[in-house]
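These notes concern the structure reproduced below.
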């Protein structure tokens with residue numbers, strides 16, 4: 001069974017990027033956690049933080065889980081011919 005969208009949203013509401021990390025998109029989550037916040041604060045665009053916050057929570061909700069790839073380059077759930 002897949003990872004819960006609800007848990008991803010709750011995690012992202014507490015810590016921006018945690019929902020993405022929970023859904024195994026680690027680089028994306030770390031980029032949201034450190035990159036976006038630092039840039040917005042550093043550029044004194046703090047009035048965009050609420051918008052940024054809502055967008056990253058929605059991203060965690062709609063983000064699909066990664067589908068594992070076999071070593072031959074095909075997805076595990078791909079139908080065999």
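What follows is calculated from the coordinates using simple rules that are stated; it is not laboratory data. Bear in mind the structure is a predicted one, so any value in this text is a computation, not a measurement. Please note: Cβ atoms are built from the backbone with ideal geometry, for glycine as well, and neighbour counts cover all protein chains shown.
Structure notes:
- Full-stretch length increase - residue 10, residue 31 - with 0.36 nm per residue and alpha-carbon distance subtracted: 5.7 nm
- Exposure proxy order (Cβ contacts within 10 Å, fewest to most) of 13, 43: 43, 13
- Taking the fewest neighbouring Cβ atoms within 10 Å as the starting point, the ordered list for 3, 64 is 64, 3.
- Based on the convex hull around the alpha carbon atoms, the stretch 5-62 presents an average projected area of 3.3 nm².
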